[in-house]
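Structure record follows, encoded as C-alpha cells.
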Amino acid sequence: MSWKIIDDNTNFENILVLSSSKPQIIFKHSTRCSISDVAKARIEKKLSELSLGADVYFLDLLKNRYISNIISEKMNVKHESPQILGISNRVCIIEQSHLDVRPDEIIEILSKGVI
C-alpha cells in the first residue's frame with residue numbers, strides 16, 4: 001500500500017467529503033526534521049494496516065505549507081510537524097504530533113469503529 005499524496009491538485013474539501021463515509025488520515029511531514037523521519041518510519045511500517053480502515057494521505061510541509069495552514073484552520077488544530085490527524089464526518093478525532101505519533105493506537109481506534 002502506498003500513500004495518497006496531498007499536493008496542489010488535492011482539494012482538502014474532497015477529503016472532508018470522503019470522511020463522511022470512511023475515516024481519513026493525514027500525515028504532515030517535514031523532510032528537514034529527524035523527528036518527522038522517525039514518525040514517518042513508524043507509520044510506513046503500519047501503512048498497510050492503517051489503509052484497511054482509512055484513506056491515508058501524505059503532506060510534504062516544505063512543498064505545501066499553505067495546505068497545512070488550510071487543514072489547521074478547518075480542523076481547528078494547531079499546526080505541528082510531524083503531525084497525524086484522523087478525520088471522520090468532517091471532524092478531527094485524532095491528533096498526534098512529534099514523538100507521540102503512534103500508528104498502533106490509531107489502528108486500534110479504527111478497529112473499534114470509533115472513527
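Taken over the stretch 63-111, the criterion of being under 14 Å from PHE12 (Cα atoms) and part of a strand (DSSP E or B) is satisfied by LEU85, GLY86, ILE87, SER88, VAL91, CYS92. ARG42 falls short on exactly one of the conditions (1) modelled with pLDDT under 95; (2) farther than 18 Å from ASP100 by Cβ; (3) surrounded by 15 or more Cβ atoms within 10 Å (Cβ to Cβ); (4) not small (Gly, Ala, Ser), and that condition is (2). Checked against (1) over 17 Å from ILE87 (Cβ atoms); (2) in contact with a His (Cβ under 8 Å, 6 or more places away or on another chain), LEU59 passes all but condition (1). Scanning the stretch 87-114 for residues that are within 21 Å of LEU18 (Cα to Cα), of a type in the set (D, E, K, R) and touching a residue at least 40 places away in the same chain (Cβ under 8 Å) turns up just one, ARG90. Scanning the stretch 3-62 for residues that are hydroxyl-bearing (Ser, Thr, Tyr), in contact (Cβ under 8 Å) with a residue 40 or more places away in the chain and either part of a loop (DSSP other than H, G, I, E, B) or in contact with a Cys (Cβ under 8 Å, 6 or more places away or on another chain) (or both) yields a count of 4. Residues in the stretch 1-34 that are within 17 Å of SER88 (Cβ to Cβ) and under 13 Å from the mean Cα position of the chain (by Cα): LYS4, PHE12, ILE15, LEU16, SER19, PRO23, GLN24, ILE25, ILE26, PHE27.
The set of residues from the stretch 61-110 being surrounded by fewer than 19 Cβ atoms within 10 Å (Cβ to Cβ), over 20 Å from SER30 (Cβ atoms) and out of contact with any Ser or Thr (no Cβ under 9 Å at 6 or more places or on another chain) comprises LYS74, ASN76, ILE93, ASP104, GLU105, ILE107, GLU108, ILE109.
The values are calculated or read from the model by the stated rules, or taken from the named source; none is laboratory data. Predicted model, so just to flag it, every value in this text is computed and none were measured. Please note: Cβ atoms are built from the backbone with ideal geometry, for glycine as well, and neighbour counts cover all protein chains shown.
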